[in-house]
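Colleague: Shown below is the structure under consideration.
Taken together, the values in this text are just the output of simple stated rules run on the coordinates, not laboratory data. Because the structure is a prediction, the values reported are computed rather than measured. A quick note on method: Cβ atoms are made from the backbone with ideal geometry, for glycine too, and the neighbour counts reach across all protein chains shown.
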Amino acid sequence: MPSNPTPVVEEKPVAESVETGSAEPREHVHAALTRTSTGNEDLRELESGLDSLQSDTVRKHRIDWTRILLPIAALVVLVLIWQFYVSLGLKRRDQVPGPLDVLNQMGVLWGEGKVQESVWTSLQRGIVGFVISVAIATPVGLLLAQVAPLRRAFGPLISGLQVLPSVAWVPAAIIWFGLTDATVYFVVFMGAIPSIINGLISGVDQIPPQYRRVGTVLGASRLQMALQVILPAALPGYLGGLKQGWAFSWRSLMAAEIIAVGGTIGFGLGSLLDQGRQLSDMAVVMAAILLILAVGILIELLVFGPIEKRLLRRRGLLAGSTR
Amino acid sequence: MPVVLEHLGKRFGDGAPVLDDVNANIGRGEFVALLGASGCGKSTLLNIIAGLEAPTSGALEVPSDGAAFMFQDAALFPWLTARENIELALKLRGVGKAERRAKAQELLELVHLGAAGDKRPHELSGGMRQRVSLARSLAQDRQLLLMDEPFAALDAITRDLLHDELERIWKETGRTIVFVTHNVREAVRLGQRVLLLSSRPGRVVQEWAVTEEHRTDAGLAGQLTGVITARLREEIRRHAK
C-alpha cells in the first residue's frame, strides 16, 4: 500500500482498519465521510495545531495609568469649579465655604481626633452590620430563589422592603431599642438584607437554564445544586446585590446616626454631621459629607472593584467593557 | 441490551404527539446515529432515554444507573477551569479528592487536552470546549452516552477532526453511544447503525447498517449518504402542503 504512486491519494490507515489484510487495490480517497486522520498521533498533532490556531494569544496586563489619572483629573476639575463658584462671592462665605476652608476644618477636626474617631466608629458598625446582613440574607435568598412557593409568598414583601427607605425604621427602632447600638444595627439590617436578597434572587433568575440541566444530568442533589451550581452561577448578580447592600447599609447607618444622637450611641460620621448642623458650622458639615463620600468611594475602589473585576475577567465577561 | 424502546410515545399536553410508536434496540457498546429533520422529537427522545422526561405511552428499558449526556453547546461552567469542570462531575459522582485529580488528568489526556487543564472555558476554542465537555460526560462513568448534536455548532474543519476523535474514544472506552444529528454525513461517518426518525410524529421509519468499509471508502459512504438523504427528503416532502 505505501507503494501507491499517486500523491493526491492518501495511504489507508494501517493501524485502525479492520481489514488490513485485504489486498484490494482500490484507491481510498479521504473525505469528510470517512476517517480523515491516520491514527492517534496524527490526530493529536492535528488537534494541537488547530487548538493553537483557534485559541487567543494571552495578552499581558499592564498598569493602565488612565485608570488612575482620569479620576484624579475629574476630581481636580470639580474642586476648581467649586473654588471658582465660591470666589464669585454670590453667597456668604459661612454658608458656602470654599475647598480650602473645608480642608482647614478637616485639619482641625483631625487634630481633635474627631475624624479618626467618627470614621472608625461608623466604619466598624457599617462592616459588622454588613457582614451580619450577608450571613442572614444569603441563605434566605437562596431558599427564596429555589423554593417557588416561598418566593411567591415572600417575594413581593422583600421587594417592598427594598423600596421602603430604611430611615423610616429609625423612629420605630428608637422606641424599641432606645438610643443604643441596637437601633443603629436594626436600621442597617433593614436596609441591607432586602437588597442583598433581591440581588441574589435576580442573579439566580439570570442563570442560563442549561446550567441546571447539566447539574441534573451530573447527578447533583438539591443541596449540591444550590452550592455547586446555582450560587457560583449567580455570583455576578449576587455581587451586585452585595454592592447595593453595602450602599444601603452605609446610607442607613448615616441616617440612623444623624437622627439618633446621644445615649450609648458612639460618635460616628453621622453624629459629626449633626453636630456641625447644630453649631451651624458649614465647614464641619461639608467635611463630614466629604468623609462619608470618601469612605464609600474607598470601599468601592479597594474592596468591590477588584473582586468584581477578577470575577468578570475569570469568566471572560470583561472583553469590550469600559471598566 | 442497554436500551430497549417499545411503542414509545410522547405528547405535551393536548398537542399532537411528538413521538409515536418508537421502537428500537440498542446493544451494549453500539454506536447508533439517530437522524431526523427538525421537529422529529430527537431531543425529546434523548431526554426520555436520559430519564429527564417521562414518556406518555409505551415502555423503555435503560441502564439503572442512568446515562451520561453531552449537549449541543459545551455547557461548561464558566467559573471553573477545564479540569475543575471535569472534577465537578467526578465529585458529584462521589469520587474522593485525590482520585479526582488523577482521573481528571487522565480524561484530559484522553481528549488530547492534557496541557489545557488550567484554562477557563472562555479561553478555549469551540472544539476544545466540546472536548472538555466530552471528557466531563466520560467522567460520569456511565455505560450509556447520549449526545445531542454535540458538533452542530462547530466549524467544518474542527467537526471532521472531532469525528475521528469521538470514534477513537468510543473504541477505547467501549461506551454505548446514541448520537442525535440532523446531518446525514455525520450520521454515516459515525454510526454503526443509522436510524431515521420521521417528523411529527417522530417514529423510526428505516435503518441502515454502516460497515467498516464505509469508514475508509468515500465512494461507498457517499452512496449510502445519497440513499439516506433521498429517504429523508421523502419524509420531509410528506409535510408539504
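Colleague: Would you pull out the residues with amide H under 5 Å of B:Met70's amide H, same chain only if 5 or more places away, H placed 1.01 Å from N?
Modeller: Close amide H contacts, sequence-distant or interchain: B:Leu146, B:Met147, B:Asp148.
Colleague: Kirkwood Rh over alpha-carbon pairs of chain A, then Stokes-Einstein at 10 °C and 1.306 mPa s: what D in µm² s⁻¹, rounded to an integer?
Modeller: The diffusion coefficient I find is 63 µm²/s.
Colleague: Also: Given contacts defined as C-alpha pairs under 8 Å and at least six residues apart, what's the relative contact order of chain B, whole-number percent?
Modeller: Relative CO of chain B lands at 28 percent.
Colleague: Give the shape of region A:226-280 as rounded, prolate or oblate, defined through the alpha-carbon gyration tensor: a ≥ b ≥ c are the square roots of its eigenvalues, a/c under 1.5 means rounded, and otherwise the shape is prolate if a/b is larger than b/c and oblate if not.
Modeller: prolate
Colleague: Need one number for region B:54-168: average projected area of the convex hull over its C-alpha atoms, nm².
Modeller: If you wrap the Cα atoms of region B:54-168 in a convex hull and average its projections, you get 8.3 nm².
Colleague: What is the count of Lys pairs in the protein assembly as shown whose alpha carbons sit under 16 Å apart, if the two are 8 or more places apart or on different chains?
Modeller: Here the count comes out as 5.
Colleague: In addition: Picking from B:Pro17, B:Ala152, A:Gly296, whose Cα lies most toward the positive end of the charge dipole for the protein assembly as shown (charges on Cβ: Lys, Arg +1; Asp, Glu -1)?
Modeller: A:Gly296
Colleague: Let me ask another. Normalise the Cα radius of gyration of region A:250-313 by 2.2 N^0.38 Å (N = residues in it) and let me know the number.
Modeller: Scaled against compact globular proteins, the figure is 1.40.
Colleague: Still on this structure, I have one more. Checking the a/c ratio against 1.5 first, then a/b against b/c, what shape does the Cα gyration tensor give for region B:36-104?
Modeller: Here region B:36-104 falls in the oblate category.
Colleague: For helix B:218-237, what angle does its Cα long axis make with the longest principal axis of chain B, in degrees from 0 to 90 and rounded to 10?
Modeller: 60
Colleague: Taking just the alpha carbons, could you work out the radius of gyration and Dmax for region B:75-141, both in angstroms?
Modeller: Considering region B:75-141 through its Cα atoms, Rg and Dmax are 10.4, 30 Å.
Colleague: Something else: Average the reciprocal distances over every distinct pair of alpha-carbons in the protein assembly as shown, invert the result, and give the Kirkwood radius in Å.
Modeller: 28.7
Colleague: Run through the DSSP bridge list for the protein assembly as shown and note the antiparallel percent, rounded to the nearest 5.
Modeller: Rounded to the nearest five, the antiparallel share is 45 percent.
Colleague: Let me ask another. Using the Cβ atoms and a cut-off under 11 Å, what net charge is assigned to the surroundings of B:Ala153, where Lys and Arg are +1 and Asp and Glu are -1?
Modeller: For residues surrounding B:Ala153, the net value is -1.
Colleague: Would you mind checking the tilt of helix A:305-314 against the longest principal axis of the Cα atoms of chain A, expressed as 0 to 90 degrees and rounded to 10?
Modeller: Rounded to the nearest ten degrees, it is 10.
Colleague: Calculate the mean, over all residues of peptide A:224-237, of how many other protein chain Cβ atoms lie within 10 angstrom of the residue's Cβ.
Modeller: What the average comes to for A:224-237 is 2.
Colleague: Sticking with this structure for a sec: Lys and Arg at +1, Asp and Glu at -1: add these up for the other residues within a Cβ distance under 12 Å of A:Tyr238 and post the number.
Modeller: Counting the neighbours of A:Tyr238, the net charge comes to -1.
Colleague: For chain B, evaluate the Debye formula with one uniform point scatterer on each Cα (no solvent term) and list log10 I(q)/I(0) at q = 0.17 Å⁻¹, rounded to two decimals.
Modeller: Values, matching the q order: -1.28.
Colleague: Between beta-carbons, use under 15 Å as the cut-off and find the net charge around B:Ile26, counting Lys and Arg +1, Asp and Glu -1.
Modeller: Neighbour charge sum, excluding B:Ile26 itself: +1.
Colleague: Mind pulling up the Rg/Rh value for region A:137-293? Radius of gyration and Kirkwood radius, both on Cα.
Modeller: For region A:137-293, the value is 1.13.
Colleague: Among rounded, prolate and oblate, which fits region A:48-165 when a ≥ b ≥ c are the square roots of the eigenvalues of its C-alpha gyration tensor, a/c under 1.5 means rounded, and a/b larger than b/c means prolate?
Modeller: The shape class here is oblate.
Colleague: Separate question: What average count of beta carbons from other chains do you get within 10 Å of the Cβ of residues in B:216-225?
Modeller: 5
Colleague: Work out from phi, with θ = phi - 60° and the Karplus expression 6.51 cos²θ - 1.76 cosθ + 1.60, the ³J(HN,Hα) of each residue of region A:224-240, listed in order in whole Hz, and give x for Gly and Pro.
Modeller: For region A:224-240, the Karplus-derived couplings read 4, 4, 5, 8, 8, 10, 5, 4, x, 5, 8, 3, x, x, 4, 5, x Hz, x marking Gly and Pro.
Colleague: Using only Cα atoms and rounding to the nearest 10 degrees, what angle (0 to 90) does helix A:99-112 make with the longest principal axis of chain A?
Modeller: 80
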